[in-house]
Amino acid sequence: MLSNPTFLFLQTFNAIALGMNLFIIAAGLTLIFGVLRVINFAHGAFFMLGAYVCYSIVEQAGNFWLGVLGAGLALALLAWIIERGLLRRLYARDPLAQLLFTFGLVLVLGDAVKFIWGTEQYSVAYPAGLSRAVDLGIAHYPAYLLFLCGLGPVVALVLWLGLERTRWGRIMRAARQNREMLALLGVNVPLVYSGVFVVGAALAGIGGALAAPRLALTPGMDANIVIECFIVVIIGGLGSLWGSFLGALILGLVTVFGAVLVPEWEMVLTYALMLAVLLWRPWGFFGREQG
Amino acid sequence: MRKIAEIGVAVLLIVALGQGGWAVEPIKIGVLYPTSGSGAVYGTSAMLGHDMAVEEINAMGGIGGKTPIVTVARDTKLKPAAASAAAKELITKEGVDVLMGGLSAAVGLAISEVARREKVIYIATIPKAIHMTTSKLHPYVFRTAPNTDIEGRGIARTIGQLGAKKLCQIQFDYAYGHDLAAGIAKALPQEAAGAEIVLDLKVKLGATDYNTYIAQIMGAGCEGVVSGLWGAAFITFAQQAQPFGFFEQIKYVSGGEIASHEIASKMKGNYPDNVWSNAYELWYHDASPLHKRYQQELARRQGRPDTDGWPILSYIGVKFIEAAVVKAESVDTQALIAALEGLSIETPVGRRTIDAKTHQANTGQFWGPMKKTDEHEFRIMDPVTYISGD
Amino acid sequence: MSRILALLVVGVALLCIPLLGSRYLVDLTTEIIIYALFALSLNVLIGYAGNVSFGHAAYFAIGGYSCAILLTTYQWPLWLSLPAAVGLSAGAALIIGYFCVRLTDIYFAMLTLAFSMLVWSAAFKWYQVTGGDDGFIGVRVPTLLEDRMAFYYFALGVVGLSVAALWRICHSAFGRTLVAVRENPLRTGFVGIDVRKMRLAAFVVAGTFAGIAGALFAMYNRGMYTESAFWTESAQVLIMTLLGGMYSFFGPALGAAVLYLLEVSINQYTEYWPAILGTLLILIVLFLPDGLAGLAQKMRRSRKA
């Protein structure tokens, strides 16, 4: 199989598309950890909510892109409420408390999805215009996946520019280093924190909406994605944007080629990868070494 | 005078009751389905069918007009440990006479083990794991669901009739996938002579990306695919395969009841061409009076005429208990076991008989291709062929 | 003094449970004491050593599967199978712990998770030995223990001895050093304590007793399931420990009892158990950081005042 250049070409594109979709979701997770130092277990639940919201919007309004936008906005709103109301009381507490809180969120949000949308499995159609395959010369390849391949780097670039070149970005990076100093300098740190959580959650929601045409929407879809997100940010380094980008690509490649080369061990691969990274370089490619 | 009359009436009543045959006390059925978590979609469907059958029977005063059914339901959460504990609780605390339900193989086997130890009848209405009626068979377990051998035969016959010779197989890498593959392998030589599986793909349970498999199948040049990707997995697979034009040339024959209306109605226009699959019951098929009555009631409960195909399984389970109690004229466990062995009843989907030796009912399924129609947004099976479990 | 009294009361109550004549109560109590031991074992890691593990279910599963397989497939007698199973989980804890204690905090937690998911994968894939996802059904339990009451007393005895052992370990010099390591690893290191070795020792102790709980679980259920090795099982025992209170020795046992009873009873009324558990968790985190045991302590103190 691998000697076939067409196959290789197609699978590589698959890996990249998979990775890019994953990156958009994981970017939110790493952002939240980078600034807030919170491990957001509920990130998968945000992803799931984004997908379901997109489905509902598509059912009502018929437009996929509206669904994506709606998913982002809905998650932003939800995240704002959660952060302002509950999460911010836990910043002074130990990481375990925050972790447990987000885990509790997972359970509550999961049942909320079940309550609102029921237990049935839904599907979302590909957006018009991106539903068929494109002739790439060597082979035909689904347009939607090509779109994802392109979107990933764009999102990465936008986020990076946002963090490096804008005032808000600078403030976020400073908050990562020293929030007390930042507060002394007159910056509304609580607002920054809310902002980061909101942006992170919105990214997860958008990622979920974007993933919707390729998946079945079903309760429990959050469990798989959260583990994958964690692997991505661990490979890349907790808090590093480009780390997540690289991590997502690596996980995409391992998933796709692992399924081809060692199909019997597919389920082991992701955990083995996590294990390998944690044993060899726990802080990931771009993370900071533990003190 | 009045006193004598009262005593007389009382005596008459006592005598009459004594002659009644079996007790007027209700029969308690312990029901175990997943109503939370990822199995919930099947669990709620199963409870619907169960409640429907029970209410139907109780509306006439109970089994035989005198033994009402009392249902005690517990959520298994698709976890064998929870199911085992719940089954024990139903027996020891609630004092149920019969256990019913289960969804996954692990849960079914766990409940079966409890039934064996506590000496209570367990009717497996959904789990297809082959071991339950083979290596793990014991006197107290009965299965009214089909098993993976029956399903495998259905797949093999369908692909045989289509004349596809070069086959690819895609199954989940877990017990059901292995068992179904074994069932297909057993049946292929008789049902599809000359057909051969040239590519055997195993997918990890919970996989969300099927691109590799799609590419491999298309690259292998198979005429047909035999599959066990059920439920959400089929939806995901179809969504991911369609842009590649997967379903244009390849005949996709799948177990896992993806021809059920639940799946077809959710996928609507996204349901691909060239798919043959099975279903336990189809709302649009078979106008027999028994089926019509079943359909009407189910439609009333679901609020729509196009009803789901899963409730029938639990419904049939309850009907079997009803028939067994009538035949045994008792709710005593040993009498019920004797009654269930070889018991044959009419169901909305045909006649079903429980084999006296294997305790497995000859439950077959409806097989056929899924076609587009003008009247509906969703696809329907046409033509419908019943492949029996014999 | 009041603590000893409370313990005596609980002990006597547990001994009398079977005499009440309810099979259900005996079953329920057996399940609770097994989970209580599991939670107490985890607390050696979380409460005493201060290391949060997301993968504790691995040792529970290894203990359970080993015992089940030795008893049934190899027909070993119980007095060989049980210690062997416990030994295997201790050994696994030693090997896995060796790698995990090189990390701290979230990385430690993630590594324990990764290892435990590998254990799960092994249980899942090795179906010739473990039964795979069908589960290992039909564990052969010695005839003496086949009776419900007999097994209950056996389990009670094993759990009782284990808890006593854990008590000794946690209140010994070793236990106190662990707490010192938890509070200030840097300073304890300066004093000459091998911090890493201490944490590994705690890891092994935790894994050993989890293995005992797992073996009891397998015998009680006459079966072992892959779900017992999945991360959701680790999460559940973690919640039990925290609900009960990780800064108290018996807290986790209380947490296990409360959580299990809640789950069983609420299950009978609503299918939305996850939402209730989640809300409970959030409330505990926000308002009851020291768990139920902490709440009890506060109430006792405020009464004394």
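Here, each number is a calculation from the coordinates, and none is a lab measurement. No experiment lies behind these values; they were computed from the predicted model shown. Cβ coordinates were reconstructed from backbone atoms using ideal geometry, including for glycine residues, and neighbour counts include every protein chain displayed.
Each row is one residue, and each column tells you yes or no for (1) among the acidic types (Asp, Glu); (2) surrounded by 15 or more Cβ atoms within 10 Å (Cβ to Cβ); (3) within 30 Å of B:PRO243 (Cβ to Cβ).
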| site | (1), (2), (3) |
| --- | --- |
| A:TYR126 | no, yes, yes |
| A:ALA133 | no, yes, yes |
| A:LEU146 | no, yes, yes |
| A:PRO153 | no, no, yes |
| A:LEU159 | no, yes, yes |
| A:GLU164 | yes, no, no |
| A:PRO190 | no, no, no |
| A:TYR193 | no, yes, no |
| A:ALA202 | no, yes, yes |
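Tell me yes or no: at least one residue of the stretch A:230-253 is among the β-branched types (Val, Ile, Thr), buried (at least 24 other Cβ atoms within 10 Å of the Cβ) and within 12 Å of chain B (Cβ to nearest Cβ).
Checked against the condition, which is being among the β-branched types (Val, Ile, Thr), buried (at least 24 other Cβ atoms within 10 Å of the Cβ) and within 12 Å of chain B (Cβ to nearest Cβ), the stretch A:230-253 yields no hits at all.
For C:PHE99, indicate whether it is closer than 22 Å to C:GLY207 by Cβ, out of contact with any strand residue (DSSP E or B) (no Cβ under 9 Å at 6 or more places or on another chain), without any contact (Cβ under 8 Å) to a residue 40 or more places away in the chain and among the aromatic types (Phe, Trp, Tyr).
Spelling it out, C:PHE99 is indeed closer than 22 Å to C:GLY207 by Cβ, out of contact with any strand residue (DSSP E or B) (no Cβ under 9 Å at 6 or more places or on another chain), without any contact (Cβ under 8 Å) to a residue 40 or more places away in the chain and among the aromatic types (Phe, Trp, Tyr).
Which residues, taken from the stretch A:49-89, are free of Cβ contacts under 8 Å to residues at least 12 places away in the same chain and either within 14 Å of chain C (Cβ to nearest Cβ) or farther than 26 Å from A:GLU120 by Cβ (or both)?
Passing the criteria: A:ILE81, A:GLY85, A:ARG89.
Residues that are of a type in the set (Phe, Trp, Tyr) and away from chain A (no Cβ under 14 Å): list the helices (runs of 4 or more DSSP H) wholly contained in the stretch C:75-177 that include at least 3 such residues.
Counting at least 3 such residues, we get C:148-170.
Count, please, the residues in the stretch B:330-358 that happen to be polar (S, T, N, Q) and touching a Phe, Trp or Tyr at 6+ places or on another chain (Cβ under 6 Å).
Here the count works out to 1.
Taking the conditions exactly as written (away from chain B (no Cβ under 14 Å), in a helix (DSSP H, G or I) and of a type in the set (A, V, I, L, M)), does A:LEU203 satisfy them or not?
yes
Considering only residues that are within 29 Å of the chain's Cα centre (by Cα) and either among the aliphatic types (A, V, I, L, M) or surrounded by fewer than 23 Cβ atoms within 10 Å (Cβ to Cβ) (or both), which ones fall in the stretch B:215-241?
B:VAL225, B:VAL226, B:LEU229, B:TRP230, B:GLY231, B:ALA232, B:ALA233, B:ILE235, B:ALA238, B:ALA241 - these are the residues of the stretch B:215-241 that are within 29 Å of the chain's Cα centre (by Cα) and either among the aliphatic types (A, V, I, L, M) or surrounded by fewer than 23 Cβ atoms within 10 Å (Cβ to Cβ) (or both).
For the stretch B:334-380, what are the residues that are within 15 Å of B:VAL141 (Cβ to Cβ), assigned to a strand (DSSP E or B) and among the hydrophobic types (A, V, I, L, M, F, W, C)?
Result: B:ILE354, B:ALA361.
Just the residues that are within 23 Å of the chain's Cα centre (by Cα) and surrounded by fewer than 20 Cβ atoms within 10 Å (Cβ to Cβ), please, taken from the stretch B:72-96.
Result: B:VAL72, single match.
Here are the criteria: (1) in contact (Cβ under 8 Å) with a residue 24 or more places away in the chain; (2) farther than 21 Å from B:PRO146 by Cα; (3) within 14 Å of another protein chain (Cβ to nearest Cβ). Tell me which single one B:ASN274 does not satisfy.
(3)
Scan the stretch A:107-116 and tell me whether some residue there is within 10 Å of another protein chain (Cβ to nearest Cβ), surrounded by 15 or more Cβ atoms within 10 Å (Cβ to Cβ) and touching a Lys or Arg at 6+ places or on another chain (Cβ under 7 Å).
Residues of the stretch A:107-116 within 10 Å of another protein chain (Cβ to nearest Cβ): A:107-112, A:114-115.
This time we only want the ones that are surrounded by 15 or more Cβ atoms within 10 Å (Cβ to Cβ), so: A:107-112, A:114.
Still in the running and touching a Lys or Arg at 6+ places or on another chain (Cβ under 7 Å): none.
Among the residues of the stretch A:107-116, not one is within 10 Å of another protein chain (Cβ to nearest Cβ), surrounded by 15 or more Cβ atoms within 10 Å (Cβ to Cβ) and touching a Lys or Arg at 6+ places or on another chain (Cβ under 7 Å), which makes the answer no.
Would you check if there is a residue in the stretch C:48-61 being surrounded by fewer than 24 Cβ atoms within 10 Å (Cβ to Cβ) and in a helix (DSSP H, G or I)?
no
How many residues are facing chain A (nearest Cβ under 8 Å) and without any contact (Cβ under 8 Å) to a residue 40 or more places away in the chain when one looks only at the stretch C:256-284? Lay out the reasoning, then the answer.
Going through the stretch C:256-284, the residues facing chain A (nearest Cβ under 8 Å) turn out to be C:272, C:274-275, C:277-282, C:284.
From what is left, the residues that are without any contact (Cβ under 8 Å) to a residue 40 or more places away in the chain are C:272, C:274-275, C:277-280, C:282.
Number satisfying all stated conditions: 8.
In the set B:GLN302, B:GLN296, B:GLN242, which member is of a type in the set (S, T, N, Q) and free of Cβ contacts under 8 Å to residues at least 12 places away in the same chain?
Going through B:GLN302, B:GLN296, B:GLN242 in turn, the sole match is B:GLN296.
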